[in-house]
Amino acid sequence: MITLKNLLKHEMIGLELIVEKSPNKSEMGLNGMVVNETKNTFVIDVHGKEKTIQKNQRQFIIFLDGKKVKVDGDALVARPEDRIKKKIKRWN
């Protein structure tokens, strides 16, 4: 079960997110469901179209149990299976 405390150690597939900050102005405000995740990117479904978004240098709002959680994309740059092993600084 994904909780606020273990969010960074889970896959994001199936979660809804919004791109809050990005160096690419066209990405800001994009929201949709994560349909795939790689080491460096999210693929999100935005109104039936898949968009690939880089994780680094971005800030995301992830919806979890009806709450909005801000997550720095740099903390997510790793394969989901490798994030489990990674020591994560307290972020929340």
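The values are calculated or read from the model by the stated rules, or taken from the named source; none is laboratory data. Note that the coordinates shown come from a computational prediction; the quantities given were computed from them, not determined experimentally. With ideal geometry, Cβ positions are generated from the backbone for all residues, glycine too; neighbour counts draw on all protein chains shown.
A few notes on this one:
- Residues of the stretch 32-56 satisfying the condition of being of a type in the set (A, V, I, L, M) and under 12 Å from the mean Cα position of the chain (by Cα): MET33, VAL34, VAL35, VAL43, ILE44, ILE53
- Taking the stretch 13-39 as the range and being assigned to a strand (DSSP E or B) and either among the aliphatic types (A, V, I, L, M) or farther than 26 Å from MET1 by Cβ (or both) as the test, the residues that pass are LEU17, ILE18, VAL19, LYS21, MET33, VAL34, VAL35.
- Residues that are under 21 Å from VAL69 (Cβ atoms) and either part of a loop (DSSP other than H, G, I, E, B) or among the acidic types (Asp, Glu) (or both), drawn from the stretch 40-57: ASN40, ASP45, LYS55, ASN56, GLN57
- Some residue of the stretch 4-12 being among the aliphatic types (A, V, I, L, M), exposed (fewer than 15 other Cβ atoms within 10 Å of the Cβ) and either assigned to a strand (DSSP E or B) or in contact (Cβ under 8 Å) with a residue 40 or more places away in the chain (or both): yes
- Summed over the stretch 5-31, the residues that are more than 17 Å from VAL77 (Cβ to Cβ), over 13 Å from the mean Cα position of the chain (by Cα) and not polar (S, T, N, Q) give a count of 4.
- Any hit, the stretch 74-81, residues being at pLDDT 95 or above, small (Gly, Ala, Ser) and either crowded, with 16+ Cβ neighbours inside 10 Å or over 18 Å from LEU4 (Cα atoms) (or both): no
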